[in-house]
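S.K.: My questions all concern the structure below.
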């Protein structure tokens, strides 16, 4: 008794789906996660990895089966059977990719929006709040004058991780130039070639470029934000794991682009406070005002 081909196809399809789901959940190709954004992105990667595994194994398996099953036998010189048109098959292999692409597109948009990537598109007031914050921090390119027309104000791209307000975040001003990142802490008047942040505390990077387009990318944070001349950008994140992680410029910015790297050092709270106090410039001694004596007979 022969097994119907439809049943074999169904069982193979179920097996492929189970294998793909297992691979997506158990095979880890990403670097260690070190920010609150990472799990959100990793869930999308797991879905894409599962779908890619199912398609890869299914297509390669079908090709290998066809090479063996439909190979030319020795002595067979006849032409192959002329097969023209198969409407159900054409519907299936058109519908499945369309559904997969639609699902991936909607899910990707949802993840991008949850990570804050659509703030500047959806929330005009949030965009101008970020602009006001950057102007208050003396970022030259923010340049918003009081009482100006909002339509003529320079656009500030709120960016990944930003919710438009970022209340309570630690501000850090980032200047990108060929070929280095410079970090300035306005609260302590500290300038550093490395980014130092405390663990489990929100950080808001207010970024500007002095020359060409750069990009701030930390793979372990799953965050990347372009830095564009004349268009200030904001990147907000919360580091969740202490350690040192590479900062990479992910936008071709010149002949030494590959060497434009820095480091973000995530400290425990006490260690960060110690670093902050050590690197902060000494406070000026309070000025003393000498009291002048008055000659009553003058």
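S.K.: Checking the a/c ratio against 1.5 first, then a/b against b/c, what shape does the Cα gyration tensor give for the stretch 167-218?
M.R.: Note, shape of the stretch 167-218 comes out prolate.
S.K.: Kirkwood hydrodynamic radius, computed over distinct alpha-carbon pairs, for the stretch 1-91: how many Å, to one decimal? If you can, show how the numbers build up before the last one.
M.R.: Numbers: mean 1/r = 0.0596 Å⁻¹.
With all distinct Cα pairs of the stretch 1-91 included, I get 16.8 Å.
S.K.: Let me ask something additional. Between residue 64 and residue 95, what length in nm is gained on full extension when 0.36 nm per residue of separation is reduced by their alpha carbon distance?
M.R.: 8.8 nm
S.K.: Taking the simple approach of a point 7 Å from Cα along Cα-to-Cβ for both residue 210 and residue 107, what is their distance in nm?
M.R.: Reported label-point gap for residue 210 and residue 107 is 4.4 nm.
S.K.: Grab the Cα-Cα distance for residue 57 and residue 87, subtract it from 0.36 nm times how many residues apart they are, and report the gain in nm with one decimal.
M.R.: Stretched fully, the residue 57-residue 87 segment lengthens by 8.4 nm.
S.K.: Mind jotting down the distance between the C-alpha centroids of the stretch 197-259 and the stretch 50-114, whole Å?
M.R.: For the stretch 50-114 versus the stretch 197-259, the Cα centre distance is 40 Å.
S.K.: Multiplying the sequence separation of residue 27 and residue 14 by 0.36 nm and subtracting their Cα-Cα distance, what value in nm do you get? Don't skip to the answer; put the middle values down first.
M.R.: Details: separation 13, 0.36 × 13 = 4.68 nm, distance 1.95 nm.
Full extension of this stretch gives 2.7 nm more.
S.K.: Also: If we count other beta carbons within 10 Å of each Cβ, what is the order of 283, 208, 224, fewest first? Working shown, then result.
M.R.: Details: 283 7, 208 22, 224 16.
Fewest to most other Cβ atoms nearby, the residues stand as 283, 224, 208.
S.K.: Taking other Cβ within 10 Å of each residue's Cβ, how do 45, 272 sort, fewest first?
M.R.: Details: 45 16, 272 19.
With the sparsest Cβ surroundings first, the list reads 45, 272.
S.K.: Could you give the nm distance between label points at residue 278 and residue 240, where each point is 7 Å from its Cα heading toward the beta carbon?
M.R.: So the label points at residue 278 and residue 240 sit 2.8 nm apart.
Throughout, read-outs are computed from the coordinates displayed, never taken from laboratory work. Note that the structure is predicted; figures quoted are calculated from it, not measured. Positions of Cβ are generated from backbone atoms using ideal geometry, with glycine treated the same way; all protein chains shown enter the neighbour counts.
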